[in-house]
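Visitor: Structure incoming, see below.
The values are calculated or read from the model by the stated rules, or taken from the named source; none is laboratory data. Just so you know, these numbers come straight off a predicted model, no measurement behind them. Virtual Cβ from ideal backbone geometry, glycine too; neighbours counted across all protein chains shown. Surface accessibility is based on the protein's heavy atoms, side chains included, excluding ligands, DNA and RNA. Shrake-Rupley method; radii C 1.70, N 1.55, O 1.52, S 1.80 Å.
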There are 2 protein chains.
Amino acid sequence: MSSSPVGLHRVIAPSGVLPQAAERLDARAEIWPDEVRIAVERLNLDAASYRQLAEAHGGDGTAVRQAVLDIVQARGKMQNPVTGSGGMLVGVVDEVGPESPLGVAPGDRVATLVSLTLTPLQITDGLADWDGKSEQVPAQGHAILFARSIVAKLPDDLKPELSLAVMDVCGAPALTARVVREYVDKGTKPVVSVIGGAGKSGSLSLAAARHAGAARTIGIVPVQAEVDRLEAAGLADTVALADARDPVALAEAVEQAGGPADITVVCVDVPGCEHGAVLATAAGGTVIFFSMATSFSAAALGAEGLAADVTMLVGNGYVPGHADYAMQLLRNESGVRGLFESRLAED
Amino acid sequence: MSSSPVGLHRVIAPSGVLPQAAERLDARAEIWPDEVRIAVERLNLDAASYRQLAEAHGGDGTAVRQAVLDIVQARGKMQNPVTGSGGMLVGVVDEVGPESPLGVAPGDRVATLVSLTLTPLQITDGLADWDGKSEQVPAQGHAILFARSIVAKLPDDLKPELSLAVMDVCGAPALTARVVREYVDKGTKPVVSVIGGAGKSGSLSLAAARHAGAARTIGIVPVQAEVDRLEAAGLADTVALADARDPVALAEAVEQAGGPADITVVCVDVPGCEHGAVLATAAGGTVIFFSMATSFSAAALGAEGLAADVTMLVGNGYVPGHADYAMQLLRNESGVRGLFESRLAED
């Protein structure tokens, strides 16, 4: 059987689906000519997945650890069957097939930027070094990358946790910058509002919007402590307090902060922010939804119901060059780095 | 209490939400100065909503009728609590508030282009003329339009059922044409593939793509009868057979038909088409999702997992001028009109 760039040859069941939709992958260590094998060091579980597992097991770390082992054993990948989500991993390149286009070499320390939901994985140490109490999972084993995977070398001068946290959300600043540049190229410097501006994807998106030429950046946060934190970071021209689930309150807050926004970036992982995002965006504007809690139908019907002529984008986690761009923002913007480091210290 | 252009003054519970998110609206007949009251003639239930009701009641028309009456009585609007969807309505303008910006006059025969999910509605005839066996519901009563609503006058020369069917999906051709023109303006005539090309929104989208300057149009349909029907209509340069839920098969079919597509338009209302749409789209291309069965996370994670640099749009049902544009396509393209009339004859 020859290999497929998207990994169809590793799908065991059901046949014919892509690896992400598969119930079970073939995670054997032997690689096809266009694959790469990684010696795993650490898994970084998706926050929604870890929260579900922790709640399902009442916070019992040993039970959570066993649940992760059972999932990987059964599925050949770490994809939470309840949330459908995965995460990413860090490791060292072990073997590179002669036809791999990924540009890595044995010994490179890398992070995978495609989801664990489609990455063949075997764990060999029983996760003995993990207490089941955090999303960061020290692990030994191997993972497989296909030809059409995305992988980033980890910088030597940054803590791996910091690089990982940045890479985990690096699609958001890259796409935000692209959309801002499209406005600038057409002759308009846009007002950009980021809902959830003090978070990881939010703070990077604010930095990206300013870097790409926004006329004005607005950060919206839900509590006063985040107002203080984001103001101290200096990443937004204005910081405002609003509950993003309350459309009228959100639109008023953005208006008072210098809106409506030409571009609204939704970075808060709570359901029910679609109508507010649409209402707080100018006619002819753009909403970019990065939150996985976004409801497609709420967004589509909400815009129609408001007679709102806005372009709504599904936040694609992949934009070429996204990891390098996010790392550049982290290095150049002390406010971004400060927010990331304080969040890591809290974890 | 003063009125709000988006209808906040009609929300009874919970307070502070937009009418679409409300459990219950105030459907009183008395209008605020910026409102319009319509004497209802016919409701056109959303297909997903009608299907759910029919299945829940085992096809018993009397029970379906009572269920619709109960919903409207309880909620002050026709929003199916299971599917969340509504539909649209036809009626005659009864009273126009002095501050209404909608540009209609008493006696105008109109269709509402905002969803029933946010339209205050009272039914007064017990739906006595409806057998509960179809989505088309003859009804007497009244409905209220807010300042920021969308309403279209019905043409005198077309059957109301035909106009309604066109207006129900008129956002799709308008947005498709807009995206195609953006490519043309940048110097590229795009290849456009429409998944579900023989349906209502699909056939209009194919006609719009060609009208707006596509280099080539591809219609994808799931069964041979639809191949024959779409080929006879002459709306696509190539018609191909594929199951849109099978990403690999879909991508191969589009490829053989002259793809990959620069623009993929998803018009089939079945779940699981996200990965195929992404895989069948060229790098740098655009996917427009019009299907309400679209999963936001499947689209976002799917594109990331395939390392696919595609722009993904949530199909907004509102684009300025959308109803006029769709009616123009219907009048000028005999293939579109033929498909619509044959579908209406089958209903």
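Visitor: What is the diffusion coefficient of the protein assembly as shown in µm²/s, taking the Kirkwood radius over Cα pairs and the Stokes-Einstein relation at 37 °C with a viscosity of 0.692 mPa s?
Guide: Values: Rh = 26.5 Å.
Approximately 124 µm²/s, per Stokes-Einstein.
Visitor: Sorted from shortest, what are the nm distances separating the label point of B:GLY321 from equivalent points in the other copies, each placed 7 Å from Cα along Cα to C-beta?
Guide: The projected label point of B:GLY321 is separated from its counterparts by 3.4 nm.
Visitor: Is region A:8-167 best put as rounded, prolate or oblate by its Cα gyration tensor, with a ≥ b ≥ c the root eigenvalues, rounded for a/c under 1.5, and otherwise prolate when a/b is larger than b/c, oblate when not? Show your work: numbers first, answer last.
Guide: Values: a/c = 1.86, a/b = 1.22, b/c = 1.52.
Cα axes put region A:8-167 in the oblate bin.
Visitor: For chain B, what is the mean residue ellipticity at 222 nm derived from helices alone (per DSSP H run of n ≥ 4: -39500 (n - 2.57); sum divided by total residues; nearest 500 deg cm²/dmol)?
Guide: Details: 11 runs with 122 residues, N = 347.
Counting only the DSSP helices, I get -10500 deg cm²/dmol.
Visitor: Any idea which of A:THR286, A:VAL192, A:SER334 is furthest toward the positive side of the dipole for region A:171-346, if Lys and Arg beta-carbons carry +1 and Asp and Glu beta-carbons -1?
Guide: Looking along the dipole axis, the top candidate is A:SER334.
Visitor: Would you mind listing the distances between the B:ASN332 label point and the same position in each other copy? Use 7 Å along Cα-to-C-beta, nm, one decimal, shortest first.
Guide: Here the equivalent label points are 4.6 nm apart from this one.
Visitor: Can you give me the angle between helix B:171-185 and the longest principal axis of chain B, using Cα atoms only, in degrees from 0 to 90, rounded to the nearest 10?
Guide: 40 degrees
Visitor: Next question. Taking a probe of 1.4 Å and counting only protein heavy atoms, give the total accessible area buried between chains A and B in Å², rounded to the nearest 100.
Guide: Details: alone 15120 and 15070 Å², together 26020 Å².
Using a 1.4 Å probe, the pair buries roughly 4200 Å².
Visitor: What Kirkwood radius, in Å to one decimal, follows from the Cα pairs of region B:244-347? Don't skip to the answer; put the middle values down first.
Guide: On the way: mean 1/r = 0.0665 Å⁻¹.
Mean inverse Cα-Cα distance, inverted, gives 15.0 Å.
Visitor: Could you tell me the convex hull volume per residue, in Å³, taken over the Cα atoms of chain A? Can you show the working numbers first?
Guide: Values: hull volume 48.7 nm³, N = 347.
Enclosed volume per residue, from the Cα hull, is 140 Å³.
Visitor: Can you give the average number of partner chain beta-carbon atoms within 10 Å of each beta-carbon in peptide A:314-323, as a whole number?
Guide: Numbers: counts 16, 6, 13, 7, 9, 4, 4, 1, 2, 0.
The shielding value for this peptide is 6.
Visitor: Based on Cβ point charges of +1 for Lys and Arg and -1 for Asp and Glu, what charge dipole magnitude is obtained for the protein assembly as shown about its Cα centre, in debye rounded to the nearest 20? Mind dumping the intermediate values first?
Guide: Values: 52 positive and 84 negative charges, 136 e Å.
Using Cβ point charges on Lys, Arg, Asp and Glu, the protein assembly as shown gives about 660 debye.
Visitor: Follow-up. Once the label point is placed 7 Å from Cα along Cβ, list for A:GLN224 the distances to the corresponding points in the other copies, in nm, shortest first.
Guide: In ascending order, 7.2 nm.
Visitor: At a Cα cut-off below 23 Å, give the lysines reachable from A:LYS153, other chains included and same-chain residues fewer than 8 away excluded.
Guide: Of all the lysines, those that pass the test against A:LYS153 - Cα under 23 Å, at least 8 places apart if same chain - are A:LYS77, A:LYS200.
Visitor: How big is the gap, in Å, between the Cα center of region A:154-181 and the Cα center of region A:297-312?
Guide: 30 Å
Visitor: OK, next. Would you please give the residues with an amide H less than 5 Å from that of B:SER4, counting only those at least 5 places away or on a separate chain, with H modeled from the backbone geometry?
Guide: Close amide H contacts, sequence-distant or interchain: B:HIS9.
Visitor: Compute the distance in nm between two label points, each set 7 Å from the Cα along the Cα-to-Cβ direction, one at A:GLU341 and one at B:ALA63.
Guide: About 6.6 nm, to one decimal.
Visitor: Rounded to the nearest whole Å², what accessible area per residue is found for region A:8-167 with the 1.4 Å probe? Could you put the intermediate results ahead of the total?
Guide: On the way: 6340 Å² over 160 residues.
Heavy-atom SASA per residue in region A:8-167 reads 40 Å².
Visitor: Right, something else. Comparing A:LEU45, A:LEU306, A:LEU279, which has the greatest mean-square fluctuation in the GNM of chain A with Cα pairs linked when under 10 Å apart?
Guide: Largest GNM mean-square fluctuation: A:LEU306.
Visitor: What accessible area per residue, rounded to a whole number of Å², is obtained for region B:171-346 using a probe radius of 1.4 Å? Before the final figure, lay out each step's value.
Guide: Working: 6020 Å² over 176 residues.
Ligands and nucleic acids excluded, the figure is 34 Å² per residue.
Visitor: A further question on this structure: For region B:318-341 and region A:1-76, what is the separation of their Cα centres, given in Å?
Guide: Between the Cα centres of region B:318-341 and region A:1-76 lies a distance of 47 Å.
Visitor: Rounded to the nearest 5, what % of the DSSP beta bridges within the protein assembly as shown are antiparallel ones? It would help to have the intermediate numbers written out before the result.
Guide: Values: 59 of 103 bridges.
Restricted to the protein assembly as shown, the bridges split so that about 55 percent are antiparallel.
Visitor: Can you list, largest first and rounded to whole Å, the semi-axes you get for region A:171-346 by taking the square root of 5 times each eigenvalue of its Cα gyration tensor? Walk me through the numbers on the way to the answer.
Guide: Values: eigenvalues 102, 64, 46 Å².
Ellipsoid semi-axes (Å, largest first): 23, 18, 15.
Visitor: Using a 1.4 Å probe and ignoring any ligands, DNA or RNA, find the accessible area of B:MET327 and quote it in Å² to the nearest 10.
Guide: 10 Å²
Visitor: Using a/c under 1.5 as the rounded threshold, could you call region B:1-51 rounded, prolate or oblate? The axes a ≥ b ≥ c are square roots of the C-alpha gyration tensor eigenvalues, and prolate needs a/b larger than b/c, oblate otherwise. Walk me through the intermediate numbers first.
Guide: On the way: a/c = 2.61, a/b = 1.33, b/c = 1.95.
It is oblate, given that a/c is not under 1.5 and a/b is not larger than b/c.
Visitor: Here's another thing I want to ask about it. Within region B:1-43, report the trypsin sites (Lys or Arg not before Pro) that DSSP leaves as loop and that have at most 14 other Cβ atoms within 10 Å.
Guide: On the way: sites: B:ARG10, B:ARG24, B:ARG28, B:ARG37, B:ARG42; in loops: B:ARG28.
Here the sparse-neighbourhood loop sites are B:ARG28.
Visitor: Nearest-to-axis residue of chain B, judged by Cβ, for the B-to-A rotation, with distance in whole Å?
Guide: Of all Cβ atoms in chain B, the one nearest the axis gives B:PHE296, 2.
Visitor: Turning to a different aspect of this structure: Which angle between 0 and 90 degrees, to the nearest 10, do you get for helix A:247-256 versus the longest principal axis of chain A when only C-alpha atoms count?
Guide: Long axis of A:247-256 versus the principal axis of chain A: about 60 degrees.
Visitor: Moving on. Would you mind checking which residues have amide H under 5 Å from A:VAL151's amide H? H placed 1.01 Å from N; only 5 or more apart, or other chain.
Guide: For A:VAL151, the qualifying residues are A:LEU113.
Visitor: Tell me, what ³J(HN,Hα) does each residue in region B:144-152 have, in order and in whole Hz, if you take phi through Karplus 6.51 cos²θ - 1.76 cosθ + 1.60 with θ = phi - 60° and put x for Gly and Pro?
Guide: Computed from phi, the couplings for region B:144-152 are 10, 10, 8, 4, 9, 10, 10, 9, 10 Hz.
Visitor: Which is the longest run of chain A containing none of the GluC sites (Glu not before Pro) found in DSSP loop states (not H, G, I, E, B) with at most 15 other C-beta atoms within 10 Å?
Guide: With a cap of 15 other Cβ atoms within 10 Å, the longest stretch comes to A:100-347.
Visitor: Using the Cα centre of region B:8-167 as the reference point, and only Cβ charges (+1 on K/R, -1 on D/E), how large is the resulting charge dipole? Debye, rounded to the nearest 20.
Guide: On the way: 14 positive and 21 negative charges, 64 e Å.
About 300 debye.
Visitor: Between the alpha-carbon centers of region B:91-126 and region A:246-286, tell me the distance in whole angstrom.
Guide: So the separation of the two Cα centres works out to 28 Å.
Visitor: Are there trypsin sites (Lys or Arg not before Pro) in region B:123-202 that DSSP puts in a loop and that have at most 12 other Cβ atoms within 10 Å, and which ones? Don't skip to the answer; put the middle values down first.
Guide: On the way: sites: B:LYS133, B:ARG148, B:LYS153, B:ARG178, B:ARG181, B:LYS186, B:LYS200; in loops: B:LYS133, B:ARG148, B:LYS186.
When the trypsin sites (Lys or Arg not before Pro) of region B:123-202 are filtered for loop state and at most 12 Cβ neighbours within 10 Å, B:LYS186 remain.
Visitor: On C-alpha positions alone, give me the angle between the axis of helix B:322-332 and the longest principal axis of chain B, in degrees, nearest 10.
Guide: Roughly 60 degrees between the two axes.
Visitor: Let me ask something else. Using a 1.4 Å probe over the heavy atoms of the protein chains, calculate the carbon and sulfur portion of the accessible area of chain B as a whole percent. Intermediate results must be reported in sequence, preceding the final value.
Guide: On the way: 6230 of 12990 Å².
Using a 1.4 Å probe with all protein chains present, chain B comes out at 48 percent carbon and sulfur.
Visitor: Around A:VAL11, under 11 Å between beta carbons, what's the net of Lys plus Arg minus Asp minus Glu among the other residues? Spell out each step's value before the answer.
Guide: Working: positive: A:ARG10, A:ARG24, A:LYS77; negative: A:GLU23, A:ASP26.
Value of the local net charge: +1.
Visitor: Can you run phi through the Karplus equation (6.51, -1.76, 1.60; θ = phi - 60°) for region A:307-320 and list ³J(HN,Hα) in whole Hz, with x for Gly and Pro?
Guide: Running phi through 6.51 cos²θ - 1.76 cosθ + 1.60 with θ = phi - 60° gives 6, 9, 7, 10, 8, 10, 9, 6, x, 7, x, 10, 9, x Hz.
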